[in-house]
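Chemist: Please read through the structure below; I'll follow up with questions.
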Amino acid sequence: MPAPLNLVLIPVGSHGDVHPLVGLGIALKARGHRVTVCCNGFFREMVERNDLIFEEWGTREQYLEAINDPELWHPTRGPKRVFETLLRDFMRPSLDAMRSRMQRERFIAISSPLCLSARILNEKYGLPLISTQLQPLILRSTREQPGVPLTCSWSPAWWHRFLYWVADLLVIDPMICPKLNALRAEHGLPPVRRVADGWWNSPDCVLGLWPEWFGASPEWPASVHLVGFPLYDERDIVPLSPDLEAFLNAGSPPIAFTPGSAMRHGRGFFEAAADACARLRRRGLLLTRFKENIPPSLPEGVIHVEFAPFSLLLPKCAALVHHGGIGTMAQGLAAGIPQLVMPLSHDQPDNALRIKRLGCGDSLYPRHFKGPAVAKKLAALLNDPRVLESCCAAKAKIAAERPLEKACAIVEEFAASREAGS
């Protein structure tokens, strides 16, 4: 067993971003390491109930204010909103907190690439840094990437490189670089450009938290290690409620609907969900923490549930309808059930295309996400034996993987190599 490590995990985002690193933290703690999770106060209870050290970076109120912005889910304006919030509220405080910690103790940071301050400290002061990526879209490739607009299987490599260059020049760098480079200058670093073209990842180690069969490219650097879907979802601390257990046992497997944990503007999604269940005469579960999204009158056999761990719930469901978040999609694949995706923004369109290519689901874009269309798509998925076979195959692959064990081993190997080189 390697010597205990001092690890600081920095997830940035919603439950789908925080769950994977909390799951990794639990696994690392079980191997004897000291684990601190630095994230928004909204997630304090989850972190502390897993006996991990919690450090608040950002208040619960800031999180709720951020997710209350409907622009957050806009296809083009959503990413801009994300970076505006991070650069305004998170980058400098997180850099100051980590710099202060570096002066007191040695530690390894394991962070979301959205924690740009960790990358600054890695570059300037040698902070040992492992980056985590949750979805393959973020790691660029000149081969086919389903979610990259204006590309297809026969697009030449130069065309992919040109599109990335245009995206960096006109969209990504203008959102990030002015404030990022101002902070870099304070630490004596030159300006950086094309931030998303690799800079925001650690040059030494990147954990890709998905399996190779979901997305891989030989062009990715050797520092990228694909380990599989972490699948942590609070099942050890939040069991299914007795009322939900009773509902699940009282009839046929329901269809589960969720627009994502941070979606506060999902009324239209749930209205379509309820209508689709009525048309199909199927039972349904509407999952959201925001009760105001639920229609006042629901069809018979359709209920609202605030939260349930998907690893416990989805194996008892017939299908999953969701927004295309990678964590939700991974849980659906692990459960072996068909998925219908309504992608909004960020990585969701790419994830939707990948699930369709796997033969495990289909998609409907928001403008088409109405009760009749949802019912038609679900009926096709539930009655197609090829879809069910593909779902079973994905379930078997995931069951055979040990993603958190692999990730822990890579973290320990990274620490050993750093120690050997020091």
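The values are calculated or read from the model by the stated rules, or taken from the named source; none is laboratory data. Everything numeric in this text was worked out from a predicted model, so none of it was measured. We place every Cβ from the backbone using ideal geometry, glycine too, and count neighbours over all the protein chains shown.
Chemist: So is VAL35 surrounded by 20 or more Cβ atoms within 10 Å (Cβ to Cβ) and within 20 Å of the chain's Cα centre (by Cα) or not? Give the steps one after another, and end with the answer.
Modeler: Details: surrounded by 20 or more Cβ atoms within 10 Å (Cβ to Cβ): yes; within 20 Å of the chain's Cα centre (by Cα): no.
The answer is no for VAL35.
Chemist: Taking helices (runs of 4 or more DSSP H) that do not extend beyond region 319-385, which have at least 3 residues that are of a type in the set (Ser, Thr, Tyr)? Working first, answer last.
Modeler: Numbers: elements: 326-335, 348-357, 371-382.
In region 319-385, there are no helices (runs of 4 or more DSSP H) which contain 3 or more residues that are of a type in the set (Ser, Thr, Tyr).
Chemist: Moving to a separate point now. Name, by its number, the condition in (1) farther than 19 Å from PHE229 by Cβ; (2) free of Cβ contacts under 8 Å to residues at least 60 places away in the same chain; (3) in contact with a strand residue (DSSP E or B) (Cβ under 9 Å, 6 or more places away or on another chain) that does not hold for PHE290.
Modeler: Exception for PHE290: condition (3).
Chemist: Only one residue in LEU314, LEU333 is crowded, with 24+ Cβ neighbours inside 10 Å, over 17 Å from ASP362 (Cα atoms) and modelled with pLDDT of 95 or more. Which one?
Modeler: On the way: LEU333 fails: over 17 Å from ASP362 (Cα atoms).
Of the residues listed, the single one that is crowded, with 24+ Cβ neighbours inside 10 Å, over 17 Å from ASP362 (Cα atoms) and modelled with pLDDT of 95 or more is LEU314.
Chemist: Every residue in region 289-327 that is in contact with a Phe, Trp or Tyr (Cβ under 7 Å, 6 or more places away or on another chain) and either of a type in the set (S, T, N, Q) or assigned by TED's automatic domain parsing to the domain that holds PRO11 (or both), please.
Modeler: Of everything in region 289-327, just one residue is in contact with a Phe, Trp or Tyr (Cβ under 7 Å, 6 or more places away or on another chain) and either of a type in the set (S, T, N, Q) or assigned by TED's automatic domain parsing to the domain that holds PRO11 (or both), namely ASN293.
Chemist: A follow-up question, please. Within region 86-103, which residues are buried (at least 18 other Cβ atoms within 10 Å of the Cβ) and touching a residue at least 40 places away in the same chain (Cβ under 8 Å)? If you could, list the steps in order and put the result at the bottom.
Modeler: Of region 86-103, the ones buried (at least 18 other Cβ atoms within 10 Å of the Cβ) are 86-87, 89-91, 94-95, 98, 101.
Of everything in region 86-103, those that are buried (at least 18 other Cβ atoms within 10 Å of the Cβ) and touching a residue at least 40 places away in the same chain (Cβ under 8 Å) turn out to be LEU86, LEU87, PHE90, MET91, SER94, LEU95, MET98, ARG101.
Chemist: Of all residues in region 191-226, count the ones that are among the polar types (S, T, N, Q) and out of contact with any strand residue (DSSP E or B) (no Cβ under 6 Å at 6 or more places or on another chain). First the steps, then the outcome.
Modeler: Taking region 191-226 as the starting set, the residues that turn out to be among the polar types (S, T, N, Q) are 201-202, 217, 223.
Those left that are additionally out of contact with any strand residue (DSSP E or B) (no Cβ under 6 Å at 6 or more places or on another chain): 217.
Number of matching residues: 1.
Chemist: Right, something else. For region 126-156: of the residues being among the small types (Gly, Ala, Ser) and in contact (Cβ under 8 Å) with a residue 40 or more places away in the chain, which is surrounded by the fewest Cβ atoms within 10 Å (Cβ to Cβ)?
Modeler: SER141
Chemist: State which residue is surrounded by the fewest Cβ atoms within 10 Å (Cβ to Cβ) when the search covers only region 279-311 and only residues that are farther than 16 Å from ASP233 by Cα and basic (Lys, Arg). It would help to see each step written out before you state the result.
Modeler: Restricting attention to region 279-311, the residues satisfying the condition of being farther than 16 Å from ASP233 by Cα are 279-286, 290-304.
Next, from what is left, pick out any that are basic (Lys, Arg): 279, 281-283, 291.
On the way: ARG279: 16, ARG281: 11, ARG282: 22, ARG283: 21, LYS291: 8.
Filtering first and then ranking leaves LYS291.
Chemist: Quick one: what pairs do we get from region 46-58, first residue surrounded by fewer than 19 Cβ atoms within 10 Å (Cβ to Cβ), second β-branched (Val, Ile, Thr) and in a helix (DSSP H, G or I), C-beta under 6 Å, 6+ apart or different chains?
Modeler: Cβ pairs passing all conditions: PHE54/VAL47.
Chemist: Only one residue in PRO221, PRO178 is loosely packed, with under 14 Cβ neighbours inside 10 Å and closer than 30 Å to HIS19 by Cβ, so which one is that? Steps first, answer last, please.
Modeler: On the way: PRO178 fails: closer than 30 Å to HIS19 by Cβ.
Only one candidate qualifies: PRO221.
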